[in-house]
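Q: Got a structure here, written out as structure tokens. Questions coming.
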Amino acid sequence: MRRTLFSILLVFTTVVAELSAHEVRPAYLQLRQTSTATYDVFWKVPAIGESMRLSLYVELPRTCSNLAPPRGFFSSAAYTEQWSVTCRGGLNGSTIRINGLTATLTDVLVRRNVSMAPRR
């Protein structure tokens, strides 16, 4: 009986330790509107070591195109990219996808800053 109880306790402890080893480090996407159809994109993905990142990628609507290639770098256990895009008609009503998300335990926080420029 003691042996069985000890075995159950050992398995439970191992499972709990394994679950607690999965830290919460979400990816982060920020879209900052700079004009009617232009946005600055900031994309931060958890890194694995100093040179590997999670395979998560932003998929913007087909109406969007990059104004310049993304600039990326590793820092503080994360990989960060920044770039600017223009999206015909803006992003209202559009879908943004994160490719690779279903293969990870990571979530994504999304922030969209809308320009409050007065209309003329």
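The values are calculated or read from the model by the stated rules, or taken from the named source; none is laboratory data. These numbers were taken from a predicted model, which means no experiment stands behind them. Backbone-built Cβ (ideal geometry, glycine too); neighbour counts: all protein chains shown.
Q: Name the residue that is surrounded by the most Cβ atoms within 10 Å (Cβ to Cβ), counting only residues in region 80-95 that are among the hydroxyl-bearing types (Ser, Thr, Tyr) and at pLDDT 95 or above.
A: Applying the filter and picking the extreme gives Thr80.
Q: I'm checking my understanding of the structure. Among residues of region 38-60 that are at pLDDT 95 or above and more than 17 Å from Gly100 (Cα to Cα), which one is surrounded by the most Cβ atoms within 10 Å (Cβ to Cβ)?
A: Tyr39
Q: Let me ask something else about it. Which residue is surrounded by the fewest Cβ atoms within 10 Å (Cβ to Cβ), if the candidates are limited to region 61-76 and must be closer than 19 Å to Val110 by Cα and in contact with a Cys (Cβ under 7 Å, 6 or more places away or on another chain)?
A: Pro61
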